[in-house]
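These notes concern the structure reproduced below.
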């Protein structure tokens, strides 16, 4: 059974039209991550939550925001998508902070911007 | 700052042949190293991890990797490739704060 579930799997939006991607987990993990993966590139960490503590990467554009209303859910909001934001967005979880263990990934949400 | 370099963005091997995917790391602290696999249009799945125990690490699907500190390497191997091994493979390093991925190696299996 899937433990990290991302919705939608595929999202098409227009330039500048806000988008929200969702992630839910059944693992009860403390940490949730959002990665951006562009074609043929490495996944790039955007931000993560340790419980309710939000940690933004220094180079994450302000256009990207996140919410974690409870342990199970985390959302990625892209306020005004540009063509350069077309990518696969991956949600991941880990039990605790301190990446010594496994990250559990969802199947990703592929965003297309027209 | 930590980083990983994966040599060869594309690797092709014949079915039944040895698979060797190369990864070199740079880390200012003793590293935690990982190999993840990604099938088309899916998320990443952990293959194996090195966390300062045995230097030869065995993972799922017959893969293994050897940590060599003197060479700062963590190459991934499998003795006999199977068609189902066709995927993208990512090496990653952790400094306990974040996980940094390499750019990936796409493995193609030739029948």
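Structure values in brief
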quantity	calculated
The protein assembly as shown shape via C-alpha gyration tensor axes, a/c threshold 1.5	prolate
Relative contact order (%) - criterion: Cα under 8 Å, at least six apart; region: chain B	38 percent
Top of B:40, B:79, B:30 by mean-square fluctuation, Gaussian network on chain B, Cα under 10 Å	B:40
Candidates B:97, B:64, B:88, ranked by Gaussian network fluctuation over chain B, Cα under 10 Å, top entry	B:97
Paramagnetic label zone (point 7 Å from Cα along Cα-to-C-beta, residue A:100; backbone N under 20 Å) in the stretch A:39-61	A:50-51
Centre separation in Å (Cα based) which lies between the stretch B:71-111 and the stretch A:16-33	26 Å
Binned Cα-Cα distances of the stretch A:44-114, short to long, each 5 Å bin given as a whole percent	3, 14, 25, 27, 19, 9, 3, 0
Contour minus Cα-Cα distance for residue B:5 and residue B:58 (0.36 nm per residue)	17.0 nm
Peptide B:37-45, shielding by other chains (average Cβ, 10 Å cutoff)	6
Residue B:26 versus residue B:14: modelled label distance in nm, points set 7 Å from Cα along the beta carbon direction	3.8 nm
Principal semi-axes in Å for chain B [√(5λ), Cα gyration tensor, largest first]	23, 14, 12
Prolate/oblate/rounded call for the stretch A:1-64, Cα gyration tensor, a/c under 1.5 rounded	oblate
Length-normalised contact order of chain A in % [C-alpha pairs under 8 Å, at least 6 apart]	39 percent
Gaussian network model of chain B, springs between alpha carbon atoms under 10 Å - residue of B:59, B:43, B:16 with greatest fluctuation	B:43
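Every number here is computed from the coordinates shown, using simple stated rules; none is lab data. Everything numeric here is computed off the predicted structure, so don't read it as measured data. Quick reminder, even Gly has a Cβ in these numbers, built from the backbone with ideal geometry, and neighbours come from all protein chains shown.
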